[in-house]
Amino acid sequence: MAASEKKDSNDTGDLTRRNFVAGAAGAAVGLGVARPAYARRLPPPIPDYPFKLGVASGDPLSNGVVIWTRLAPRPADGGGMAPDDYSVRWEVSRTSDMGDVVRRGKARARAKHAHSVHVDVRGLKPDSEYWYRFMVGDYSSELGRTRTTPGRNSHPEKLVFAAVTCQRYNSGFYTAYEDLVSAGPDLVVHLGDYIYESPGGGARPDPLPEAITLDDYRNRYGLYKSDPALIAAHQSAPWLFTWDDHEVENNYAGLVPGEGTVTPDPVEFENRRAAAYKAYWEHMPFRRRAPHGADYRIYRRTSWGHLADFLVLDTRQYRSPQCGGLGPSCSPEQDARREMLGRRQSNWLNRRIRRSHADWAVLAQQVVFSRMDFDTGDGEWYNLDQWDGYPAARDRLLATLHNQRPTGNIVLTGDLHASCVFDVLADYHDPDSAIIGTEFVSTSISSKDSRFLRANLQHTVATSPHFKWGESSRRGWVKHTVTREEWRADYRHVDDATVVGSPVQTATSWVVPRGGSVTGV
Ligand code: FE
Ligand code: CA
């Protein structure tokens, strides 16, 4: 084993306590630079309860986890804080009565980061449950529950996690999250479209304009994250997460804005992407330091002992421009050099796949990976925003998987606003080629399905042997239960996400036995 593999090699980032948790000394130095000692004063009192966006934890390791909060008395209206930095106290306990505090400290809620607080808590025990809270002035946050991952050489018996995506605020209520919380998963994996950049009609009002500036995006997170069910879901477990397009703009590709954009100018779009990425970072329990500019690495790995390797991907930031929207496939000449992940991320992923000895390798990503051809009576059509628009890039990744890990591969997908189960084939040009994995597409938490999908999905399922099941009319989430012997997916569907308190049930369950392919149970 290479030396670089010896450390806890979950490559989730570079934010260290030294960098980020300004202790007493760090804070004093910071203040000293900002204003001379004689002018030092306390920041103004906070006008109202500042923890309205709750608390969150994420990017768990075997010895630590990132805990997050943001001081925001008026979350959807500029935050409501004075333009000062504040010192926030935090503590982590082994018990839910906070009676057994094992770590505590102070962190700066910086005005330039929207008074968000990210603490990379270390020195925790593997595979253990913890509770945490934040305090500022006389205010105390609610408690969050989190956990560390099992140690990297351990063989955990079981992992239960939730896969979620696409939570357009105006379209529906977050009933799926209420159900998720009662299931008590070890981990929540968010596959993108955490916010939508623009408002719309539907079940509840979204009074905010389309987001272009940093303040616009912050207000959108303020609105979305005020939802009590979303807060409860963050409080209940650590999250892993990646973004899709709507955290910036619908169907953008790299630095090319989407069709119908309000920011067509390239410089304007680059600034917009930088604002969007920064606001995302400010609102997520992310280990890496704040982004500067329009580039930000979010792809990373998290391991659950020997049971599962989560390879969290970014299929937006580095992709080549789309060759169309919904339509016939791109020409092969156009396609061969086009990238979905970009060179660097592809090299990283190939290396990770090659080195993964976990029972299950999990590609946590955004858009549908499997071939999905729609017979519209006008030839075969594809959604060219999906991997179907980048078939050569898909072929390259499939070849790596087929050669390096011919079984035990799971693809988790969001974006579609539909529930789907696919066999991942070694070669989508050959329907008889080997099955090398399973793709589970999570339906949206609240976003509506498209009319096109409703009209065409069942025909596509019926005519594609590798497409096992698909359903687009329901919102919900997927409960994944993972053991060495078996991967089980339970599709939890909300009857009607546009009404409060609608019932939730398991619509269908699928099982992948070790070394085998998926079947409905
Ligand atoms: Fe979406
Ligand atoms: Ca999307």
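Within the chain, the cysteines lacking any other cysteine Cβ closer than 4.7 Å to their own Cβ are C166, C420. The D84 and Q404 beta-carbon pair, evaluated with R₀ = 45 Å, returns a calculated FRET efficiency of approximately 0.30.
Accessible area per residue of segment 342-449 at 1.4 Å probe, in Å²? Could the numbers behind the result be given before it?
On the way: 3500 Å² over 108 residues.
That works out to 32 Å² per residue.
A cut-off under 13 angstrom between Cβ atoms defines the neighbours of G325, and their net charge, with Lys, Arg +1 and Asp, Glu -1, is -4. Expressed as a whole percent, the accessible surface of the chain that belongs to carbon and sulfur atoms is 50, based on a 1.4 Å probe.
Each of D48 and E268 was given a label point 7 Å from its Cα along the Cα-to-Cβ line. The distance between the two points is 3.3 nm. For K52, a cut-off of 14 angstrom between C-alpha atoms picks up these aspartates and glutamates, skipping any fewer than 8 places away in its own chain: D77, E142, D227.
On a 0 to 90 degree scale, rounded to 10, what angle separates helix 391-404 from the longest Cα axis of the chain? The answer is roughly 90 degrees. Think of a 1.4 Å ball rolled over the protein heavy atoms: segment 180-289 then has 30 Å² of accessible area per residue.
On a C-alpha basis, how far is the centre of segment 81-101 from the centre of segment 267-342 in Å? Whole number, if you could? The distance from the Cα centre of segment 81-101 to that of segment 267-342 comes to 32 Å. Given H placed on each backbone N at 1.01 Å, which residues far from T315 in sequence or on other chains put an amide H within less than 5 Å of it? Distant-sequence amide H within range of T315: Q366. Distant-in-sequence amide contacts of C323, defined by a placed amide H-H separation under 5 Å and a gap of 5 or more residues or a different chain, comprise nothing. Here the relative contact order of the chain, from alpha carbon pairs under 8 Å that lie six or more residues apart, stands at 14 percent. Tell me whether segment 336-407 comes out rounded, prolate or oblate; compute the Cα gyration tensor, take square roots of the eigenvalues as a ≥ b ≥ c, and use a/c under 1.5 as the rounded threshold. Prolate.
The label point for S502 and the one for E485, both projected 7 Å from the Cα toward the Cβ, are 3.7 nm apart.
Taking other residues whose beta carbon is less than 14 angstrom from the beta carbon of R110, and scoring Lys, Arg as +1 and Asp, Glu as -1, yields +4.
The angle separating the long axis of helix 343-355 from the principal Cα axis of greatest extent in the chain is about 80 degrees. Each helix, a run of at least 4 DSSP H residues, gives -39500 (n - 2.57); summed and divided by the residues of the chain, these come to -6000 deg cm²/dmol at 222 nm.
Compared with the dominant Cα axis of the chain, that is its longest principal axis, helix 24-34 is turned about 80°. With the simple spin-label model, which puts each label point 7 Å out from Cα in the Cβ direction, the D127 to D77 separation comes to 5.0 nm. With the cut-off at 1.5 for a/c, could you classify segment 39-175 from its C-alpha gyration tensor as rounded, prolate or oblate? Oblate.
Electrostatic tally near P207: other residues with Cβ closer than 14 Å to its Cβ, Lys and Arg +1, Asp and Glu -1, net -1. Legend: Rg and Dmax of segment 129-189, from Cα coordinates, 15.6, 44 Å. Could you tell me whether segment 149-520 comes out rounded, prolate or oblate from its Cα gyration tensor? Rule is a ≥ b ≥ c as square roots of the eigenvalues, rounded for a/c under 1.5, then prolate if a/b exceeds b/c, otherwise oblate. The shape class here is rounded.
Subtract the Cα-Cα distance of R355 and K158 from 0.36 nm times their separation in residues, and report this length gain in nm to one decimal. Present the calculation step by step, with values, prior to reporting the outcome.
Working: separation 197, 0.36 × 197 = 70.92 nm, distance 2.20 nm.
Full extension from R355 to K158 adds 68.7 nm.
How many Lys pairs in segment 149-520 lie less than 24 angstrom apart by Cα atoms, where the lysines are 8 or more positions apart or on different chains?
Numbers: K158/K479; K225/K278; K225/K448; K225/K479; K448/K468; K448/K479; K468/K479.
Lysine pairs satisfying the spacing and distance rule in segment 149-520 number 7.
The GluC sites (Glu not before Pro) of segment 44-144 that meet both conditions, a loop assignment by DSSP and at most 16 other Cβ atoms within 10 Å of the site Cβ, are E142.
The values are calculated or read from the model by the stated rules, or taken from the named source; none is laboratory data. In this text the structure is predicted, and so the values were computed from the model without any measurement. A quick note on method: Cβ atoms are made from the backbone with ideal geometry, for glycine too, and the neighbour counts reach across all protein chains shown. With ligands, DNA and RNA removed, areas are computed over all heavy atoms of the protein, side chains included. Shrake-Rupley method; radii C 1.70, N 1.55, O 1.52, S 1.80 Å.
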